[in-house]
Amino acid sequence: MKDILPDLCDLYPEHLEIADPIFKSYGKKHHFYGEVVTISCFEDNSRVRELVATPGKGKVLVVDGGGSVRRALLGDMLAEKAASNGWEGIVIYGAIRDVAAQARVNLGIQALNAHPMPTQKRGLGEVGKTLRFAGIKIAAGDYIYCDLNGIAVAKQPLALPN
């Protein structure tokens with residue numbers, strides 16, 4: 001296990017926005033980082049399903065689910081699909097499900113909570129939108145850094161300490 005956020009905060013405090021500490025780590029990878037790809041959706045994971053099926057090497061999917069914890073935006077099958085397509089991780093301002101199964105998937109996953117109810121599939125959601133939640137602003141192309149200490153966002157990639 002590795003702590004990356006404390007070191008980044010020591011080295012680059014003026015370059016980082018730190019998310020409110022409201023997220024929990026669910027994936028096998030407890031620290032992850034990469035270029036941000038954004039989705040805005042509410043209780044509909046249609047766009048999440050589409051994006052995890054695409055190549056994601058070096059990228060982190062950031063999903064603004066409106067903070068809803070009434071329906072899970074990510075389950076084990078989508079997490080496995082994301083991992084198999086090289087995604088570094090997924091941050092969800094909302095809920096996930098299949099918690100025990102997702103803990104074994106080689107993917108970083110942070111979310112607000114877990115809920116067993118799936119989403120409705122209506123094809124709704126917007127990709128590439130600038131997101132605002134947990135006291136931060138995140139745009140597609142930003143860089144996100146996550147570990148058990150929290151979540152930080154920067155406008156450019158930051159060199160990680162050894």
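What follows is calculated from the coordinates using simple rules that are stated; it is not laboratory data. Just so we're clear, the structure is a prediction, and the values are computed from it rather than from any experiment. Reconstructed Cβ throughout: ideal geometry from the backbone, glycine too, with neighbour counts over all protein chains shown.
Tally time: how many residues in the range 64-119 are of a type in the set (V, I, T), more than 14 Å from G27 (Cβ to Cβ) and surrounded by 24 or more Cβ atoms within 10 Å (Cβ to Cβ)? Walk me through it before giving the result.
Taking the range 64-119 as the starting set, the residues that turn out to be of a type in the set (V, I, T) are 69, 90-92, 96, 99, 105, 109, 119.
Those left that are additionally more than 14 Å from G27 (Cβ to Cβ): 69, 119.
With surrounded by 24 or more Cβ atoms within 10 Å (Cβ to Cβ) added as a condition, the list becomes 119.
Matching residues across the range 64-119 total 1.
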Subset of the range 128-155 [within 20 Å of G108 (Cα to Cα) and touching a helix residue (DSSP H, G or I) at 6+ places or on another chain (Cβ under 9 Å)] = Y145, C146, D147, L148, N149, G150, I151, A152, A154
Counting just the residues of the range 22-57 that are charged (D, E, K, R) and more than 16 Å from R122 (Cβ to Cβ), which one comes out surrounded by the fewest Cβ atoms within 10 Å (Cβ to Cβ)?
-> K57
Taking the range 127-141 as the search range and keeping residues that are assigned to a loop (DSSP other than H, G, I, E, B) and aliphatic (A, V, I, L, M), which one is farthest from A82 (Cα to Cα)?
-> A134
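Tally up the residues in the range 142-157 that are buried (at least 16 other Cβ atoms within 10 Å of the Cβ) and either assigned to a loop (DSSP other than H, G, I, E, B) or without any contact (Cβ under 8 Å) to a residue 40 or more places away in the chain (or both), please. Step through it out loud before you land on a result.
Our first condition is that a residue be buried (at least 16 other Cβ atoms within 10 Å of the Cβ); within the range 142-157, this holds for 142-147, 149-154.
Of the ones still in play, those that are also either assigned to a loop (DSSP other than H, G, I, E, B) or without any contact (Cβ under 8 Å) to a residue 40 or more places away in the chain (or both) are 142, 149.
Result for the range 142-157: 2.
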Per the filter on the range 32-81, residues over 10 Å from the mean Cα position of the chain (by Cα), of a type in the set (S, T, Y) and within 21 Å of N106 (Cβ to Cβ) are T54
Residues of the range 112-146 satisfying the condition of being more than 24 Å from L158 (Cβ to Cβ), aliphatic (A, V, I, L, M) and in contact with a strand residue (DSSP E or B) (Cβ under 8 Å, 6 or more places away or on another chain) | L112, A114, M117, V127
